[in-house]
Amino acid sequence: MRSSLRNTIRRSLWAPVWLCLAGLSDAAEPQPARQATGAVQASEKRSPGKSEAAPAGSAFSWLAAVAPGQTAQPLGALQRQQFLDSLLDHMRVHVSARLLDQLTRQPIEREFPVEDTILGISFSGKARSKSAMRVVLAPDEQRAVFDVVLTGVARSRTTGKTGPVCIHCQGVTRFTASKRFHLTDDGLTSLPVQCRVETNSTVTDITSEWPGLRGRIAVRLARRRSDQTHTEAEQISACHNQERIAQAFEEQMTSLAKAAETVLTHELLRGGPPDHPERRKFHFHTSRDYVCMASICGEPRSPMPPEPAADTWAKLWLPTAVIDLPLALTAMQAARTGRPEQWWRELTGRELVPWRSKVSDSGENDPSPMAVNVAVESGWLSLSMQPR
């Protein structure tokens, strides 16, 4: 079970955590602190032969060039970092619970051996489980609070041996494991795993290795004892299953939290202690429907934009006072009508296809599972994603 949890959690849960952290560049190795870029400057034309070490104009220049029928030059590392820093210094992001559910919810099926000792009887056999994992938001004004929840059912067939008697059983175990995470400007913290398990078992047959009368007497005595201890045996089995599930889930959540903390500290916050002069500051909060991440580097007292409409999957906000609005509008319109896979891959170094396949039910040939809308709303430039 540990191996299955490890692969599934790493594969499915990383997507929403990474999305909430703004789709940053790879964080396998800690990166040194970088100087803040401040507001996005006005666009400049890039001279032929200019080296990558020199600034390449506005952070939106490259994105604006990715329009239908055009081929943009590959994005240099400096230009990519300029764009990401500009976004992170001033942005507000809302990510919906619906999108997180789409990204994380998936069925998990596996078969595994069963070994257990109950009331001095050693049982062995096989089990098959079906489960699913999801993320649930918890309202909080000061933190992003969410629960990672694993629910499922396991059905087993086991045989217990005591002396000459074999006890054949079928069992059904229903389980729910959850772990709560708190995300703040100080990092990611969590509470211990909570696990609930209910086990129901049925003795399908009792046999004996002894022949004749001795065998029949042994079976009769074993059946009588089984009836007397059945409830106690179920409780012990449920307790053992709860300990195993909770331990495996805790181990994998701990591994996931460490990976997320690396991204948060070294990419999002730019490393260093909380009082470091170059440390980027963020405010997180959650409602029942959205998790919000707001940069407070540029304008600490800037008002928060309103929560999106209920049909919005995610929404990015940028204050119009700190950006080149005409160029930003051109860039976002290009992203809206052009080829999102290209600029997403250039900006983040990741492919959009795996994420797209998670949220699209219309088939592999659908160019986009979502509608992207660009607008200027009360001093904010917004880019929202809604299901088609």
If you go through the stretch 182-194 one residue at a time, do you hit one that is in a strand (DSSP E or B) and farther than 23 Å from Ala259 by Cα? no
Scan the stretch 291-320 for residues that are of a type in the set (A, V, I, L, M), closer than 13 Å to Ser382 by Cα and either more than 25 Å from the chain's Cα centre (by Cα) or modelled with pLDDT under 85 (or both) and report the count. 1
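Each row is one residue, and each column tells you yes or no for (1) buried (at least 18 other Cβ atoms within 10 Å of the Cβ); (2) at pLDDT below 90; (3) among the hydrophobic types (A, V, I, L, M, F, W, C).
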| position | (1), (2), (3) |
| --- | --- |
| Gln82 | yes, yes, no |
| Asp85 | yes, yes, no |
| Asp101 | no, yes, no |
| Glu115 | no, no, no |
| Ile118 | yes, no, yes |
| Lys126 | no, no, no |
| Arg157 | no, no, no |
Enumeration of residues in the stretch 192-218 that are among the hydrophobic types (A, V, I, L, M, F, W, C) and either farther than 19 Å from Gly125 by Cα or free of Cβ contacts under 8 Å to residues at least 40 places away in the same chain (or both): Val193, Cys195, Val197, Val203, Trp210, Leu213, Ile217, Ala218
Name the single residue, out of those in the stretch 101-127 being part of a strand (DSSP E or B) and under 25 Å from the mean Cα position of the chain (by Cα), that is farthest from Met253 (Cα to Cα). Glu111
Just checking, does the stretch 141-149 include any residue being of a type in the set (Asp, Glu), surrounded by 15 or more Cβ atoms within 10 Å (Cβ to Cβ) and farther than 20 Å from Cys195 by Cα? no
Tell me, yes or no, whether the stretch 120-129 has at least one residue that is of a type outside the set (A, V, I, L, M, F, W, C) and either touching a His at 6+ places or on another chain (Cβ under 8 Å) or closer than 30 Å to Gln102 by Cα (or both). yes
Complete set of residues in the stretch 188-208 that are surrounded by 13 or more Cβ atoms within 10 Å (Cβ to Cβ), of a type outside the set (A, V, I, L, M) and closer than 15 Å to Ala233 by Cα: Glu198, Thr199, Ser201
Would you mind finding the one in Asp205, Asp227 that is among the charged types (D, E, K, R) and in contact with a His (Cβ under 8 Å, 6 or more places away or on another chain)? Asp205
Evaluation of Leu325 against (1) more than 28 Å from Glu141 (Cα to Cα); (2) touching a helix residue (DSSP H, G or I) at 6+ places or on another chain (Cβ under 7 Å); (3) at pLDDT 75 or above (one fails), failing number: (2)
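The values are calculated or read from the model by the stated rules, or taken from the named source; none is laboratory data. Nothing here was measured: the structure is a model prediction, and the numbers come from that model. Ideal geometry is used to build each Cβ from the backbone, glycine not excepted, and the neighbour counts take in all protein chains shown.
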